[in-house]
Amino acid sequence: MGDRPPIRRMVIDAAIPTKGVTIVDVARELYKVEGVKAVRITVDDVDVDVLGLAIVVEGENIDYREVEEALERVGGVVHSIDEVVVGEYIPQAGATT
């Protein structure tokens, strides 16, 4: 891996259309990304045409661009990346040492 430590976890704020795709479709597409070991999706906003999603992706050496492309394949869009964990393990939230 050289000087690029692996991405272990990402929390993404995203949106998908309300018609034609489900969060199950999104989760399955994200799970296909190399290195992804688990996906959790929570609907955090519902609009007439769009579902707002909080997506957690965990694994080993995840490629953000591949995750973004997987979302785009199902009609989704990334609003922001709200958390990233890089390194050999996933530290507990709030841990400072």
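Observations on the model:
- Residue that is nearest to residue 24 (Cα to Cα), among those in segment 62-82 that are open to solvent by 20 Å² or more (accessible area, probe 1.4 Å) and small (Gly, Ala, Ser): 75
- Restricting segment 46-61 to residues that are over 13 Å from the mean Cα position of the chain (by Cα) and of a type in the set (Val, Ile, Thr), the residue that is least open to solvent (accessible area, probe 1.4 Å): 50
- Exactly one residue out of 85, 24, 39, 33 is in a strand (DSSP E or B), at pLDDT 95 or above, open to solvent by less than 90 Å² (accessible area, probe 1.4 Å) and aliphatic (A, V, I, L, M): that is 39.
- Residues in segment 1-21 that are more than 26 Å from residue 88 (Cβ to Cβ), of a type outside the set (A, V, I, L, M, F, W, C) and outside any strand (DSSP E or B): 3 in all.
- Candidate set: segment 1-21, residues that are in contact (Cβ under 8 Å) with a residue 40 or more places away in the chain and not aliphatic (A, V, I, L, M); chosen: the one surrounded by the most Cβ atoms within 10 Å (Cβ to Cβ): 8
The values are calculated or read from the model by the stated rules, or taken from the named source; none is laboratory data. Since the structure is predicted, the reported quantities are computational estimates derived from the model, not experimental observations. Cβ: placed from backbone, ideal geometry, glycine included. Neighbour counts: every protein chain shown. Accessible surface areas use protein heavy atoms only, side chains included; no ligands, DNA or RNA. Shrake-Rupley method; radii C 1.70, N 1.55, O 1.52, S 1.80 Å.
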